[in-house]
Amino acid sequence: MEIRNLTKSYDEGEVSTLVLRGLDFKIEKGEFVAVMGPSGSGKSTLLHILGFLEKQSGGEYLFENKQANEYSEDEISRVRNKKIGFVFQSFNLLARTSVLENVKLPLLYSGLKEELWDGLAREAIEAVGLTHRINHEPSQLSGGEKQRVAIARALVNNPEVIFADEPTGNLDSKSGEVVMEVIQKLHNEMGHTVILITHETYTAEYAERIIRLRDGMAESDTKVLNRRTRGAFIK
Amino acid sequence: MPFYHAIRIALAGLKTNKTRSALTILGIVIGVTAIIMVVSLGQGAQNLILGQIEGLGARVVGIIPGRQPKGPTDILATLTASLKERDFIALQRKENVPHAQDVIPLVFGSETAYYDGQTYRLTIFGGNEAMADIYNAYPEPGRTITIDDVRGGADVVILGKTAADELSQGQSLLGERIKIKGRNFLVIGILPEKGAGSLINFDESAFMPYTTAQRYIFGIKYYNRIIVRADSEENVASTVEDVKATLRELHGITDPDKDDFGIETQADTLETVGTILNTLTVFLAMVAAISLVVGGVGIMNIMLVSVTDRTREIGLRKALGATNRNILTQFLLEAIILTGIGGIVGILLGAGLSFAISLVISNVFGLAWTFTFPVGAAFLGILISTVVGLIFGLYPARKASYMSPIDALRHE
């Protein structure tokens with residue numbers, strides 16, 4: 001995916017706020033990129049545009065060599081369903097619904113045969129190491145476990161890109177590490193493209209590349225020399 | 001997405017909010033229950049009343065005095081005394097009405113009876129010896145009115161059960177004399193209890209020879225009715241024609257529009273009463289149907305709350321790939337399933353309650369009441385409640401489907 005001179009502004013009454021002021025970068029298939037920046041730097045807005053949850057105000061966004069604003073509503077729904085997996089800061093699991101059913105949620109809209117759902121969901125749950133919690137409801141899980149369920153849900157349709165929006169923001173550092181290890185494993189072993197949003201350098205260092213934003217503009221775009229894994233750096 | 005997936009999603013949505021779902025359908029349940037009960041009980045009442053009219057016998061032809069009203073200005077024309085003794089005599093002649101088995105002149109009205117310091121207001125029927133048979137009113141104990149009683153204008157009376165009990169305060173009145181209009185009447189019979197299940201309330205009535213009633217009670221020379229009973233059902237139509245011809249000739253009428261009498265057969269009565277009862281039932285069912293609309297507004301209300309409540313869920317579903325149509329379908333189906341279930345529960349509840357009431361009526365009150373399941377009303381109930389769900393669910397469902405996923409996810 002590639003963005004060129006991407007801008008986004010919000011109109012609130014008379015006042016128009018420019019959140020993204022012209023961003024350019026390219027993310028290749030299979031990359032693990034962290035987008036960093038203080039709050040208000042526009043990193044969440046960027047993620048929403050890249051994840052087809054919002055539309056850009058100006059500039060270009062190419063997803064799989066097609067302009068984002070050329071996708072129809074139904075195509076956007078299909079991209080969200082098949083090509084993209086989302087992990088949110090606040091988990092967003094359905095209450096009073098089991099882990100298995102939560103993970104199945106994207107499959108409902110996938111058009112896949114129902115016989116396949118159970119197997120796919122169980123596979124995804126196994127990938128995040130929660131098979132023993134499969135029939136629990138979100139209220140019975142710890143924060144870290146909830147986020148791993150959300151990762152399994154993002155994974156279940158085998159998407160190209162996984163977007164993680166401050167996935168460790170609501171977690172203590174120990175659960176945060178476990179969640180990040182799971183995300184890193186998905187990238188390393190299954191080859192998913194991962195775009196991670198965070199304001200912590202510690203978390204960002206799990207990625208291969210860090211894009212820093214400030215006031216809606218790219219401040220720096222650097223390779224991570226010492227990647228973190230299992231809480232330690234890879235040599 | 002296959003339709004049954006959509007149904008499963010909607011069902012799952014309803015299941016996670018059981019209490020709210022149950023409360024939501026309450027309005028629909030009550031509405032459909034009311035419709036089913038009104039129609040079922042209305043039909044029961046209709047069967048009962050029509051059954052009683054049929055009980056009078058299909059062979060009975062009633063002649064009513066006076067011109068039958070053709071419009072509002074004609075009302076006064078009915079209050080005439082056009083049926084007299086010569087009509088009665090003429091109708092009895094075989095050459096006039098060959099298929100008449102019985103001809104009964106009838107006079108009736110209310111009077112007070114006195115016995116041993118007790119008073120009772122009764123309805124007095126004056127008739128002849130055939131009256132007991134036509135109304136199936138045979139005294140027990142006692143005897144019926146004889147042809148001699150009629151010829152002689154005898155001061156005899158047969159009392160209904162309630163009337164006799166009220167006057168006598170418990171002891172038997174048979175052979176005693178009661179006073180009506182200052183004249184003493186010998187009680188020759190007491191009717192067994194008939195209950196309220198008849199068109200004429202026999203229990204509060206008294207029977208006597210029409211000659212006696214005309215002369216001493218009402219002071220009139222005409223009849224309130226003449227009843228003709230045909231010898232068979234097939235001959236009712238020809239008997240009606242014979243009666244008309246006889247009376248027209250006697251009254252010098254050539255234009256049928258100027259008839260100073262009216263004819264009533266059982267078929268006419270059945271039709272008239274049936275129409276009235278039907279109209280009443282339809283009217284009541286419509287009143288009950290209004291409550292369905294109220295129930296529908298309740299559904300809309302709750303669905304709107306539900307959409308606001310589940311904004312994050314809607315945003316999540318969209319972020320995971322649900323299309324606007326998926327969301328619209330989900331919320332619309334939730335509303336329709338809710339109202340559909342409400343309709344079914346209402347039908348079962350309405351049928352159950354109607355059945356219980358019919359048991360009470362037939363056992364406690366001893367009426368020939370039958371339970372009918374109103375199939376038409378049941379279909380209508382399901383249909384209306386589903387349509388209500390569709391209409392009142394559409395607005396909240398559309399509102400849900402047009403939400404922007406990111407705004408919805410940010411919703412607190």
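The values are calculated or read from the model by the stated rules, or taken from the named source; none is laboratory data. This is a predicted model, so every value here is computed, not measured. Here Cβ is always computed from backbone atoms with ideal geometry, including for glycine, and neighbour counts include all displayed protein chains.
For segment A:44-79, which residues satisfy the criterion of being farther than 18 Å from A:GLU28 by Cα, of a type in the set (D, E, K, R) and not in a helix (DSSP H, G or I)?
Once the filter is applied, which keeps residues that are farther than 18 Å from A:GLU28 by Cα, of a type in the set (D, E, K, R) and not in a helix (DSSP H, G or I), segment A:44-79 yields A:GLU54, A:LYS55.
Kindly indicate the residue of segment B:298-316 that is within 7 Å of chain A (Cβ to nearest Cβ) and buried (at least 20 other Cβ atoms within 10 Å of the Cβ) and also modelled with the lowest pLDDT among those meeting that condition.
It comes out as B:GLU313.
Under 15 Å from the mean Cα position of the chain (by Cα) and away from chain B (no Cβ under 14 Å), is that true of A:ALA34?
So A:ALA34 fits the description; yes.
Go through segment B:161-210 and report how many residues are farther than 30 Å from B:ILE53 by Cβ, assigned to a loop (DSSP other than H, G, I, E, B) and of a type in the set (Lys, Arg).
Looking only at that region, the number is 1.
Quick check on segment A:1-21: of everything there that is on the phi < 0 side of the Ramachandran plot, polar (S, T, N, Q) and in contact (Cβ under 8 Å) with a residue 40 or more places away in the chain, which residue is surrounded by the fewest Cβ atoms within 10 Å (Cβ to Cβ)?
Taking the candidates together, the pick is A:SER9.
Just one of B:ARG86, B:ARG121 is outside the structural domain of B:LEU191 (by TED's automatic domain parsing) and surrounded by fewer than 20 Cβ atoms within 10 Å (Cβ to Cβ); which is it?
Matching residue, one of B:ARG86, B:ARG121: B:ARG86.
From A:GLU123, A:GLU70, which residue is more than 26 Å from B:ARG325 (Cα to Cα), out of contact with any Lys or Arg (no Cβ under 8 Å at 6 or more places or on another chain) and at pLDDT 90 or above?
Being more than 26 Å from B:ARG325 (Cα to Cα), out of contact with any Lys or Arg (no Cβ under 8 Å at 6 or more places or on another chain) and at pLDDT 90 or above holds for just one of A:GLU123, A:GLU70, which is A:GLU123.
Quick one: what pairs do we get from segment A:38-54, first residue more than 12 Å from every other protein chain (Cβ to nearest Cβ) and over 19 Å from A:SER72 (Cβ atoms), second of a type in the set (S, T, N, Q) and outside any helix (DSSP H, G or I), C-beta under 9 Å, 6+ apart or different chains?
Close Cβ pairs (under 9 Å, with a partner that is of a type in the set (S, T, N, Q) and outside any helix (DSSP H, G or I)) amount to A:LYS43/A:THR198.
State the number of residues belonging to segment A:150-183 that are of a type outside the set (S, T, N, Q), crowded, with 19+ Cβ neighbours inside 10 Å and in a loop (DSSP other than H, G, I, E, B).
5
Checking the conditions here, which among B:ILE64, B:ILE124, B:ILE134 is closer than 19 Å to B:THR211 by Cα, in contact with a Gly (Cβ under 8 Å, 6 or more places away or on another chain) and at pLDDT 90 or above?
None of the others qualify; the one that does is B:ILE124.
Determine which member of the set A:GLU70, A:GLU64, A:GLU137, A:GLU126 is among the acidic types (Asp, Glu), touching a residue at least 12 places away in the same chain (Cβ under 8 Å) and either more than 13 Å from chain B (Cβ to nearest Cβ) or in contact with a Cys (Cβ under 8 Å, 6 or more places away or on another chain) (or both).
Going through A:GLU70, A:GLU64, A:GLU137, A:GLU126 in turn, the sole match is A:GLU64.
Report yes if B:LEU191 is surrounded by 17 or more Cβ atoms within 10 Å (Cβ to Cβ) and either within 30 Å of B:ILE361 (Cβ to Cβ) or free of Cβ contacts under 8 Å to residues at least 60 places away in the same chain (or both), otherwise no.
yes
Only one of A:VAL19, A:VAL87, A:VAL99, A:VAL15 is more than 16 Å from B:LEU316 (Cβ to Cβ), among the β-branched types (Val, Ile, Thr) and in contact with a helix residue (DSSP H, G or I) (Cβ under 9 Å, 6 or more places away or on another chain). Can you tell me which?
Only one candidate passes the filter, namely A:VAL19.
Could you grab the pairs with beta carbons closer than 6 Å, sequence gap of 6+ or different chains, first residue in segment A:89-116 and within 17 Å of B:LYS15 (Cα to Cα), second one among the aliphatic types (A, V, I, L, M) and part of a loop (DSSP other than H, G, I, E, B)?
A:VAL99/A:ILE134; A:LEU100/A:ILE134; A:ASN102/A:LEU93; A:ASN102/A:LEU94; A:LEU105/B:LEU320
So A:TYR71 clears everything in (1) under 21 Å from A:GLY191 (Cα atoms); (2) touching a strand residue (DSSP E or B) at 6+ places or on another chain (Cβ under 9 Å) except one condition, right? Which one?
Unmet condition: (1).
Considering only residues of segment B:5-60 that are touching a residue at least 40 places away in the same chain (Cβ under 8 Å) and of a type in the set (Ser, Thr, Tyr), which is surrounded by the fewest Cβ atoms within 10 Å (Cβ to Cβ)?
Only one residue tops the list, namely B:SER21.
Go through segment B:350-394 and give me each residue that's of a type outside the set (A, V, I, L, M, F, W, C), assigned to a helix (DSSP H, G or I) and either within 14 Å of another protein chain (Cβ to nearest Cβ) or surrounded by 14 or more Cβ atoms within 10 Å (Cβ to Cβ) (or both).
If the condition is that a residue be of a type outside the set (A, V, I, L, M, F, W, C), assigned to a helix (DSSP H, G or I) and either within 14 Å of another protein chain (Cβ to nearest Cβ) or surrounded by 14 or more Cβ atoms within 10 Å (Cβ to Cβ) (or both), then B:GLY350, B:SER354, B:SER358, B:SER362, B:GLY381, B:SER385, B:THR386, B:GLY389, B:GLY393 are the ones that fit.
I want to confirm something. Restricting to segment A:140-157 and keeping residues that are free of Cβ contacts under 8 Å to residues at least 40 places away in the same chain and of a type in the set (S, T, N, Q), which single residue is nearest to A:LEU100 (Cα to Cα)?
A:GLN140
Between a residue in segment B:205-221 that is over 16 Å from B:ILE104 (Cα atoms) and any residue that is part of a helix (DSSP H, G or I), which pairs come within a Cβ distance under 7 Å, given they are 6 or more apart or on different chains?
These pairs meet every condition: B:SER205/B:ALA163; B:ALA206/B:ALA163; B:ILE220/B:GLN214.
Just name the residue that is nearest to A:THR198 (Cα to Cα) out of those in segment A:81-109 that are more than 7 Å from chain B (Cβ to nearest Cβ), among the polar types (S, T, N, Q) and in a loop (DSSP other than H, G, I, E, B).
Within segment A:81-109, the match that is nearest to A:THR198 (Cα to Cα) is A:GLN89.
Could you check segment A:186-235 and list, in sequence order, the residues that are loosely packed, with under 14 Cβ neighbours inside 10 Å, of a type in the set (Lys, Arg) and more than 29 Å from A:GLY22 (Cα to Cα)?
Answer for segment A:186-235, where residues must be loosely packed, with under 14 Cβ neighbours inside 10 Å, of a type in the set (Lys, Arg) and more than 29 Å from A:GLY22 (Cα to Cα): A:ARG230, A:LYS235.
Please count how many residues of segment B:318-333 are facing another protein chain (nearest Cβ under 7 Å), in a helix (DSSP H, G or I) and either touching a strand residue (DSSP E or B) at 6+ places or on another chain (Cβ under 9 Å) or basic (Lys, Arg) (or both).
So the answer is 1.
Could you tell me which of the residues B:THR254, B:THR246 is more than 30 Å from B:PHE365 (Cα to Cα), among the polar types (S, T, N, Q) and part of a loop (DSSP other than H, G, I, E, B)?
Of B:THR254, B:THR246, the one residue that is more than 30 Å from B:PHE365 (Cα to Cα), among the polar types (S, T, N, Q) and part of a loop (DSSP other than H, G, I, E, B) is B:THR254.
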